[in-house]
Amino acid sequence: MFTSIASRYDLLNHVLSANVDRLWRRALVHFANVASGEAILDVATGTADVAIAFARQSVAGPICGIDLSTGMLKIGREKVDRADLDGRIELIEGDALDLPYEDGTFDVVTVAFGLRNLPDYAAGVAEMTRVLKPGGRLLVLEFFPPRGGLFLRAYKLYLGSVVPIAGRVISGSKEAYRYLASSIEHFITHDEMRSMMQAQGLDPVETRRLTGGIATIYRGIRS
């Protein structure tokens, strides 16, 4: 599904979020608090926007991105080449539930809007924690419904009606953007996210809510 929309994926992200997605990624990089030379892994990297943001906005060392979609990775590699960042960023095809890295490889692991696409959220968090060094940080950026009231009603209307239609017009795939709305609607709660991270020994777990709570960053430290 993601390969089928890869060529229009970035455009849709920018259009549907009114370019706020760029600010969310910038907030993610800032919250990661990367020290000079630290090794970064971006899981479900897609078209490599987060990996590129780390390369441009931080003093990170080696940056790796991993994704299952060959189509998304193709776009990502083209973007990395155009940005002249191929010496800093490596993109590989792989499974978030079976990462091809040794225990304790990375200082920072991120997943941006990708956790809810995994068939097993807890297994994904466990695997990402496994490849973290002690004291390393796992950061999860995800969509969550905002708090109640008029904003919540407008958000649900936009997500359920506007997003699928715009997605079909721009990408040619209505199903992909119906899936987006459904995956957000059926995702876990804030309390479940925090508990899931703590169950893997990530402590403390801190949060940053963005844009009225539409998106939230979770950061857990591996003990």
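Restricting attention to region 90-144, the residues that are assigned to a helix (DSSP H, G or I), more than 22 Å from Thr216 (Cβ to Cβ) and touching a Gly at 6+ places or on another chain (Cβ under 7 Å) add up to 0. Note on region 147-205: enclosed helices (runs of 4 or more DSSP H) holding 2 or more residues that are open to solvent by less than 70 Å² (accessible area, probe 1.4 Å) and modelled with pLDDT under 75 are 163-171, 174-185.
Within region 179-203, residues that are touching a residue at least 24 places away in the same chain (Cβ under 8 Å) sit with their Cβ atoms under 7 Å from residues that are of a type in the set (Gly, Ala, Ser) and open to solvent by less than 40 Å² (accessible area, probe 1.4 Å), at 6+ positions apart or across chains, in these pairs: Met197/Gly220; Gln200/Ala126; Leu202/Gly220. Filtering region 75-89 to residues that are assigned to a helix (DSSP H, G or I) and touching a residue at least 24 places away in the same chain (Cβ under 8 Å) leaves Ile75, Gly76, Arg77, Lys79, Val80.
For region 19-74, which residues satisfy the criterion of being part of a strand (DSSP E or B) and not hydrophobic (A, V, I, L, M, F, W, C)? Asp42, Gly65, Asp67 - these are the residues of region 19-74 that are part of a strand (DSSP E or B) and not hydrophobic (A, V, I, L, M, F, W, C).
Do we have any residue at all in region 93-100 that's open to solvent by 40 Å² or more (accessible area, probe 1.4 Å), in contact with a Lys or Arg (Cβ under 9 Å, 6 or more places away or on another chain) and touching a residue at least 24 places away in the same chain (Cβ under 8 Å)? Checking region 93-100: not a single residue is open to solvent by 40 Å² or more (accessible area, probe 1.4 Å), in contact with a Lys or Arg (Cβ under 9 Å, 6 or more places away or on another chain) and touching a residue at least 24 places away in the same chain (Cβ under 8 Å).
Is it fair to say Phe143 is surrounded by 18 or more Cβ atoms within 10 Å (Cβ to Cβ), within 25 Å of His30 (Cβ to Cβ) and among the aromatic types (Phe, Trp, Tyr)? In short, yes.
Just one of the listed residues (Val34, Val15, Val20, Val59) is more than 16 Å from the chain's Cα centre (by Cα), closer than 21 Å to Phe143 by Cα and open to solvent by 10 Å² or more (accessible area, probe 1.4 Å), and it is Val15.
The values are calculated or read from the model by the stated rules, or taken from the named source; none is laboratory data. Computed from a predicted structure; not experimentally measured. Backbone-built Cβ (ideal geometry, glycine too); neighbour counts: all protein chains shown. Just so you know, the surface numbers come from the protein's heavy atoms only, side chains and all, with ligands and any DNA or RNA stripped out. Shrake-Rupley method; radii C 1.70, N 1.55, O 1.52, S 1.80 Å.
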